[in-house]
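Below is one structure; the comments refer to it alone.
The values are calculated or read from the model by the stated rules, or taken from the named source; none is laboratory data. Being a predicted model, the structure only gives us computed values, none of them experimental. So basically every Cβ, Gly included, is an ideal-geometry build from the backbone, and we count neighbours across all protein chains shown.
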């Protein structure tokens, strides 16, 4: 069964998440080149290096507009406003440059202004367009790129305002203060550029990009969120807590950088990661407090803004803590909420989705003598799962199976045998959908729950049963239930064995926790 500990495999990514509804893209099987030029006019006190970066980004955006991406809203992004600027930002992040950009500069007479022009040649093929289409099926990507787009626009407006203020400054002290603000604006721009690259980079390159983003601008909350998720995914619990605390502190100090919804979304992701770390450390009271705060934040933004796995595994962890604390009605409520949420998600069809769960461990006695459900273990860190292509369909099925298992155990503790049988029947219905390697794990989950009631026997079956009962008994060899060690289960339940381990995701947003599985 998937453990209430190692089951949180990220996320945040990134945080924090990112989704669009991108519909048909004019594609061609053959790669084709796009040439585009961008420019940026430097003002006083601005640096040539950053001016070049801004000109390059303008060129990428101009190239992205030529790709032929047509976007429309859909039911998957119900309340998210989709703009052409957001689409352009996303497309520009994935452009592949053919060679190095070329730069030219143009002075403007006696003024201090200098215009920097960047020319690029980008290559686009069908695989790039397919990747964009795939990203467009995930609504959380819209939110992330919208936030990135709004940050660029805010910094651009701020830079223009600072140039006006610098021209009006009358004293050296005023000029020095405004110049300092201009350099901070440039650093923030570079920081978000690093974040944009991290969103599109291969997993092995993301950490360095996120480190750079944070070093450039210590108030880049999405970068903290993404790095915290990555650190949780590599079992760096101390690093995760450090980044989560720094992200929340930056959000309190500089919340004006983000919309109210973005603020609540990042507060939710960062706080639920803190709860997951507390849970992994066996700090139940702190974990419960963090999850309660995260639940409050979750009610203040459209939950589509985060990846489904982040919210789903938050509910799984939350229910796990309540199960450990003996609050079985609330545990049942959160597992039911999780199952309802999973049932409403669109079916996963792609072969290599972004982030799977980590497996469970055998249960251990809960503190204070309370019975603990099998598979929930605290006080030890999970081992890092091996890297492998993720399988979101498998991961979601296993998450659903575990939710039914733990809800069934919660119901048994409340003497709701009929409800537990309902979960047992649901587990049985999942068996045909699982691979042969995963099926035994779910079959062992069923040992912890009462078997569902069998349908009423027909008259012929009843007669046959009576005849069988009258027949002489045949001796059968004795059987022994599988032995388990170190496991305390709720009364009347059998020990369970951990479910097969889903592969780890290469995503930087993976995070191990009590109940994690990237969608």
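Structure data summary
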read-out	value
The one condition in (1) crowded, with 19+ Cβ neighbours inside 10 Å; (2) part of a helix (DSSP H, G or I) that residue 301 fails to fulfil	(2)
Any chance residue 331 is without any contact (Cβ under 8 Å) to a residue 12 or more places away in the chain and either farther than 29 Å from residue 251 by Cβ or not in a helix (DSSP H, G or I) (or both)	no
Verdict on residue 76 being closer than 29 Å to residue 318 by Cβ, outside the structural domain of residue 445 (by TED's automatic domain parsing), out of contact with any strand residue (DSSP E or B) (no Cβ under 6 Å at 6 or more places or on another chain) and at pLDDT below 65	yes
Matching helices (runs of 4 or more DSSP H) fully within segment 126-204 where at least 2 residues are modelled with pLDDT of 90 or more, crowded, with 16+ Cβ neighbours inside 10 Å and touching a helix residue (DSSP H, G or I) at 6+ places or on another chain (Cβ under 9 Å)	139-168, 172-200
Matching entry among 213, 244, 226 (being surrounded by 19 or more Cβ atoms within 10 Å (Cβ to Cβ), modelled with pLDDT under 95 and assigned to a helix (DSSP H, G or I))	226
Which listed residue, of 448, 424, is crowded, with 17+ Cβ neighbours inside 10 Å and more than 27 Å from residue 347 (Cβ to Cβ)	448
Flag if residue 434 is modelled with pLDDT of 90 or more and in the same structural domain as residue 280 (by TED's automatic domain parsing)	no
Every residue from segment 141-159 that is touching a residue at least 60 places away in the same chain (Cβ under 8 Å) and more than 25 Å from residue 226 (Cα to Cα)	159
